[in-house]
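Worksheet for the structure shown next.
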Amino acid sequence: MEPKKMAIIATKGTLDWAYPPLILASTAAALGMEVQVFCTFYGLSLLRKDLSGIKISPLANPAMPMPVPMPVFVQMLPGMEAMATMMMKNKMKAKGVASLDELRSLCLEAEVKFIACQMTVDLFEFKPGDFIDGIEFGGATTFLDFASTADIQLYI
Amino acid sequence: MEPKKMAIIATKGTLDWAYPPLILASTAAALGMEVQVFCTFYGLSLLRKDLSGIKISPLANPAMPMPVPMPVFVQMLPGMEAMATMMMKNKMKAKGVASLDELRSLCLEAEVKFIACQMTVDLFEFKPGDFIDGIEFGGATTFLDFASTADIQLYI
Amino acid sequence: MEPKKMAIIATKGTLDWAYPPLILASTAAALGMEVQVFCTFYGLSLLRKDLSGIKISPLANPAMPMPVPMPVFVQMLPGMEAMATMMMKNKMKAKGVASLDELRSLCLEAEVKFIACQMTVDLFEFKPGDFIDGIEFGGATTFLDFASTADIQLYI
């Protein structure tokens with residue numbers, strides 16, 4: 001039987017939204033599915049060699065659980081983005097959630113194919129050396145060719 | 001004939017983004033489709049007993065229609081999130097849009113299956129008692145199993 | 001052979017998130033696919049006659065590449081939204097990225113069907129005259145009917 005296929009477009013580059021594509025891709029690959037992740041716009045962040053710059057913002061998300069209620073004008077003070085990022089990372093570590101690096105390695109070992117969107121690479125002036133090895137470069141056609149034969153398509 | 005199936009991942013917890021999963025799920029169920037909504041990250045808000053804490057933020061969304069144009073530095077003043085939430089709720093009521101509670105009840109009556117993501121329940125330290133009855137708990141595998149046989153998959 | 005089909009829900013109205021539905025829809029149509037774009041919530045902006053009001057916000061997106069690092073309390077100063085929008089548009093022009101107007105025209109020429117969500121048209125008090133000609137009006141049922149027979153479904 002042919003394996004099931006999943007096509008993901010990863011468009012976000014914040015700490016919270018970097019997780020879903022990597023969790024879904026690594027899990028699907030572990031279940032034997034063939035997976036492609038097309039990274040475009042801020043989702044190119046997932047392909048950087050160094051993932052430590054990925055941050056979370058408490059702004060504009062009143063649904064984010066905060067240890068202490070914090071008015072918006074405090075959330076925007078200098079250093080709050082760094083603090084929210086550190087708090088979220090610490091909580092994830094304490095709860096045994098894998099890091100983005102670990103999840104990405106699982107994906108690569110399981111032969112998840114990562115594709116960088118050439119148009120947004122050019123637009124944001126990324127250099128090929130910014131990215132990890134083993135990825136491909138492509139465009140909307142690359143994504144659509146695979147997605148139109150896939151069992152699951154998700155725009156994240 | 002087997003019914004069509006729809007798999008949704010609900011990841012957001014603001015007033016505007018709580019609507020699409022509940023509208024799509026209740027409509028699909030009314031059309032006879034089999035529907036699962038996997039709630040993860042801020043989407044866990046959809047499963048809380050009390051939905052009254054769900055808010056909207058005017059920040060970072062210049063596309064939000066505002067009755068009065070409002071500069072960003074006003075949007076972030078204390079109380080603006082509460083005001084925007086109240087205004088949106090009043091407008092929805094005036095226009096006859098169902099409340100989140102009503103839509104969720106329609107979903108439950110039509111046997112939409114809600115699944116809470118165990119990983120994010122643990123991460124955000126939700127307690128089982130925070131949630132409505134009749135939901136299930138699961139992980140990415142739970143979602144992928146259903147999604148890979150579904151006719152529609154949406155990441156919201 | 002029947003053409004492949006793609007169903008998109010476009011829900012966002014900022015400059016960055018207005019691009020993906022129009023790029024994917026125009027590319028898919030050029031590949032011979034049948035495409036429907038259901039515009040709801042802020043995604044109704046894509047159907048306005050005048051697209052020049054579409055803006056980008058640097059707030060709450062620490063993943064946005066900025067020419068100069070800029071603290072959050074600077075991002076929220078009056079005029080920063082307009083400045084970020086102008087910078088992004090200039091960069092796109094310099095890099096040869098098509099404008100939203102050009103991409104939408106390509107879609108219309110290739111017979112991509114645009115559907116405005118009647119419920120959010122009413123909610124946000126849009127007038128039929130605000131929109132381009134040749135679009136249809138519908139609801140969740142309209143979307144689900146097409147999506148459940150489509151090869152690709154994306155919620156953007």
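The values are calculated or read from the model by the stated rules, or taken from the named source; none is laboratory data. Source: prediction; values computed, not measured. Here the Cβ positions follow ideal geometry from the backbone for every residue, glycine too, while neighbour counts run over all protein chains shown. Surface accessibility is based on the protein's heavy atoms, side chains included, excluding ligands, DNA and RNA. Shrake-Rupley method; radii C 1.70, N 1.55, O 1.52, S 1.80 Å.
What to note about this one:
- Set side by side, the residues C:Ala60, C:Ala29 differ, and just one is crowded, with 19+ Cβ neighbours inside 10 Å, more than 13 Å from the chain's Cα centre (by Cα), modelled with pLDDT under 85 and of a type in the set (Gly, Ala, Ser), which is C:Ala60.
- Residues in region C:25-47 that are among the β-branched types (Val, Ile, Thr) and in a loop (DSSP other than H, G, I, E, B): 1 in all.
- Filter result for B:Ala110 (modelled with pLDDT of 95 or more and touching a Cys at 6+ places or on another chain (Cβ under 9 Å)): no
- Options A:Ala140, A:Ala147; residue that is within 13 Å of another protein chain (Cβ to nearest Cβ), in contact with a helix residue (DSSP H, G or I) (Cβ under 6 Å, 6 or more places away or on another chain) and open to solvent by less than 70 Å² (accessible area, probe 1.4 Å): A:Ala140
- C:Met1 surrounded by fewer than 24 Cβ atoms within 10 Å (Cβ to Cβ) and farther than 24 Å from B:Pro62 by Cα: yes
- Residues of region A:88-102 satisfying the condition of being within 11 Å of another protein chain (Cβ to nearest Cβ), assigned to a helix (DSSP H, G or I) and closer than 21 Å to A:Val35 by Cβ: none
- For region B:113-125, the candidate set comprises residues that are at pLDDT 95 or above and not in a helix (DSSP H, G or I); within that set, the residue that is nearest to the other protein chains (Cβ to nearest Cβ) is B:Cys117.
- Of all the criteria given as (1) open to solvent by less than 10 Å² (accessible area, probe 1.4 Å); (2) touching an Asp or Glu at 6+ places or on another chain (Cβ under 6 Å), the one not satisfied by B:Ala18 is (2).
- Some residue of region B:13-24 being touching a residue at least 40 places away in the same chain (Cβ under 8 Å) and either touching a Pro at 6+ places or on another chain (Cβ under 7 Å) or outside any helix (DSSP H, G or I) (or both): yes
- Between C:Lys55, C:Lys49, the distinction of being more than 10 Å from chain A (Cβ to nearest Cβ), modelled with pLDDT under 95 and open to solvent by 10 Å² or more (accessible area, probe 1.4 Å) belongs to C:Lys55 only.
- Condition met for C:Ile56 (part of a loop (DSSP other than H, G, I, E, B) and within 19 Å of C:Val97 (Cβ to Cβ)): yes
- Residue list for region A:75-102, restricted to those being among the small types (Gly, Ala, Ser), surrounded by 14 or more Cβ atoms within 10 Å (Cβ to Cβ) and out of contact with any Pro (no Cβ under 6 Å at 6 or more places or on another chain): A:Ala98, A:Ser99
- So A:Phe38, is it hydrophobic (A, V, I, L, M, F, W, C) and surrounded by fewer than 22 Cβ atoms within 10 Å (Cβ to Cβ): no
- Single unsatisfied condition, B:Ala84 versus (1) touching a strand residue (DSSP E or B) at 6+ places or on another chain (Cβ under 9 Å); (2) in contact (Cβ under 8 Å) with a residue 24 or more places away in the chain; (3) at negative phi; (4) not β-branched (Val, Ile, Thr): (1)
- The one condition in (1) in contact (Cβ under 8 Å) with a residue 40 or more places away in the chain; (2) away from chain B (no Cβ under 12 Å) that C:Tyr155 fails to fulfil: (2)
- Just one of (1) assigned to a helix (DSSP H, G or I); (2) more than 10 Å from chain B (Cβ to nearest Cβ); (3) at pLDDT 95 or above fails for C:Gly129. It is (3).
- Sub-7 Å Cβ pairs linking a first residue in region C:124-146 that is at negative phi to a second residue that is part of a loop (DSSP other than H, G, I, E, B) and open to solvent by 50 Å² or more (accessible area, probe 1.4 Å), at least 6 apart or interchain, are C:Asp130/C:Lys49; C:Phe131/C:Lys49; C:Ile132/C:Lys49; C:Thr141/B:Leu31; C:Leu144/B:Leu31, ordered by first then second residue.
- Residue match in region B:63-81 (condition: charged (D, E, K, R) and in a helix (DSSP H, G or I)): yes
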